[in-house]
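*Asks:* Pasting a structure here, questions to come.
The values are calculated or read from the model by the stated rules, or taken from the named source; none is laboratory data. Keep in mind that this is a model prediction, so the values were computed, not measured. A quick note on method: Cβ atoms are made from the backbone with ideal geometry, for glycine too, and the neighbour counts reach across all protein chains shown.
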Amino acid sequence: MPKRLRISVLALCLLLLAGGMGTACAQQPELAHRRFAQQLVQAAERGEMGGKPVERFMQEEKIAFLEGGFSQLAALCRDSMATMEMTLVDGKRYALTFHRTDGARVTLSYPADYQLIMGVTLMELEERLPDAIRSYSVEKRESHEAVDTGLLEQVGNSPVYLLKGSSYVLPELNSNRYYVRESDSSYGLLYSEDLPLETMANLLTGTDLDVPLSITILLVKYGYRTETFTVPLRQWMAYCMAEGCTPYFGVISHEKGRLVCEVVMHNEMLGYAHVAKLMFDPAILADRKGVINARMNSYVPLSNVKAIFNEY
């Protein structure tokens, strides 16, 4: 069963997030890195980037070639026959390599900085985020993927089975999911008002459960500005996961009529996390309708999140 996160850790985690970032649109991380390389090539051809000479821009942004240079990068990042590989080192820097079978090779190193990679300002990212989430189209699921029953662990003598996921920094913040055995002997995702913690773990680690709950998000922007908007819960989840995020869920507190939990949307390949604190009455699970209130900080650098968690 989900353990409760240490409240002091989560509270401090939220305090660090005053300068969160937003996003323009959901896209595949690999495409974002390829576009970044192409933008650097175009900047080199122009001789400037961000109003600065390319050499100065690269020095200030800590961008460097480990192998090759701009001529090789220009040829290989546009070559459909070249292979692209990304390596994230210590969650802080990327090594982006393009190579061909004939030995041509180039490697570029740069910080895991979402704003740098996307080439947009913080203000632009924040202003676009609510509309991007609201306009995201979610696919209707006709059926659920079958679970590998060999990976399921029965929780004590209960009818609940645990599919153990990974964790983020703390074991209590994880992607665990919960199943029950159906009448046809198959296993389906648990959804029960009697087990709100396990049910919320399932709702907040995937989009398999199509339940018409909504989430009202108080988005905290840079400089303590805020914006509030409401979307279907599943739509918010789908948008974050389409960005390349892995969701991690943890319980802060559970009292009668009030459940407080934390969700971290971790995007390793683009170097950020969305962090949201959710509060609601578990009774909405029985009604299968209602609103979850959330305070969210978006696109927080991973080093900031990990520093607070590791401190404790």
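*Asks:* Only strands (runs of 3 or more DSSP E) wholly contained in the range 172-262 count here; list those with 3 or more residues that are in contact with a Pro (Cβ under 8 Å, 6 or more places away or on another chain).
*Replies:* Strands (runs of 3 or more DSSP E) meeting the threshold: 213-220, 226-232, 246-255.
*Asks:* With respect to Thr216, is the statement that it is assigned by TED's automatic domain parsing to the domain that holds His274, surrounded by fewer than 18 Cβ atoms within 10 Å (Cβ to Cβ), modelled with pLDDT of 95 or more and within 16 Å of Ala276 (Cβ to Cβ) true? Even if it seems obvious, please write down each step before you answer.
*Replies:* On the way: assigned by TED's automatic domain parsing to the domain that holds His274: yes; surrounded by fewer than 18 Cβ atoms within 10 Å (Cβ to Cβ): yes; modelled with pLDDT of 95 or more: yes; within 16 Å of Ala276 (Cβ to Cβ): yes.
It is true that Thr216 is assigned by TED's automatic domain parsing to the domain that holds His274, surrounded by fewer than 18 Cβ atoms within 10 Å (Cβ to Cβ), modelled with pLDDT of 95 or more and within 16 Å of Ala276 (Cβ to Cβ).
*Asks:* Test each condition in (1) in a strand (DSSP E or B); (2) modelled with pLDDT of 95 or more for Gly165 and report the one that comes out false.
*Replies:* In the conditions (1) in a strand (DSSP E or B); (2) modelled with pLDDT of 95 or more, Gly165 misses (1) alone.
*Asks:* Restricting attention to the range 180-201, which residues are surrounded by fewer than 22 Cβ atoms within 10 Å (Cβ to Cβ), out of contact with any helix residue (DSSP H, G or I) (no Cβ under 8 Å at 6 or more places or on another chain) and within 24 Å of Tyr239 (Cα to Cα)?
*Replies:* Gly188, Leu197
*Asks:* Tell me which residues, restricted to the range 105-119, are under 17 Å from Val41 (Cα atoms) and either surrounded by fewer than 17 Cβ atoms within 10 Å (Cβ to Cβ) or hydrophobic (A, V, I, L, M, F, W, C) (or both).
*Replies:* Arg105, Val106, Leu108, Leu116, Ile117, Met118, Gly119
*Asks:* Please verify whether the range 132-153 includes one or more residues that are surrounded by 14 or more Cβ atoms within 10 Å (Cβ to Cβ), in a helix (DSSP H, G or I), among the basic types (Lys, Arg) and touching a Gly at 6+ places or on another chain (Cβ under 9 Å). Quick ask: steps written out before the conclusion?
*Replies:* Quick first cut of the range 132-153, residues surrounded by 14 or more Cβ atoms within 10 Å (Cβ to Cβ) only: 132-134, 136, 138, 144, 147, 152.
Pick out the ones that are also in a helix (DSSP H, G or I) and you get 132-134.
Going one step further and asking which of them are among the basic types (Lys, Arg), we end up with 134.
Add one more test, that the residue is touching a Gly at 6+ places or on another chain (Cβ under 9 Å), and what stays is none.
Among the residues of the range 132-153, not one is surrounded by 14 or more Cβ atoms within 10 Å (Cβ to Cβ), in a helix (DSSP H, G or I), among the basic types (Lys, Arg) and touching a Gly at 6+ places or on another chain (Cβ under 9 Å), which makes the answer no.
*Asks:* Any idea how many residues of the range 39-55 are touching a strand residue (DSSP E or B) at 6+ places or on another chain (Cβ under 9 Å) and exposed (fewer than 13 other Cβ atoms within 10 Å of the Cβ)?
*Replies:* So the count comes out to 2.
*Asks:* Would you mind finding the one in Ile133, Ile63 that is farther than 20 Å from Ala37 by Cβ, modelled with pLDDT of 95 or more and touching a Phe, Trp or Tyr at 6+ places or on another chain (Cβ under 6 Å)?
*Replies:* Just a single option satisfies the conditions, and that option is Ile133.
*Asks:* Now for a different question. Take the conditions out of contact with any Cys (no Cβ under 7 Å at 6 or more places or on another chain), on the phi > 0 side of the Ramachandran plot and free of Cβ contacts under 8 Å to residues at least 12 places away in the same chain and apply them to Gly156. Does it pass?
*Replies:* yes
*Asks:* Can you confirm whether Ala238 is surrounded by 18 or more Cβ atoms within 10 Å (Cβ to Cβ), of a type in the set (A, V, I, L, M) and either farther than 21 Å from Ala32 by Cβ or out of contact with any Lys or Arg (no Cβ under 7 Å at 6 or more places or on another chain) (or both)?
*Replies:* The answer is yes for Ala238.
*Asks:* Further question on the same structure: Restricting to the range 268-296, count the residues that are without any contact (Cβ under 8 Å) to a residue 60 or more places away in the chain and outside any strand (DSSP E or B).
*Replies:* Result for the range 268-296: 2.
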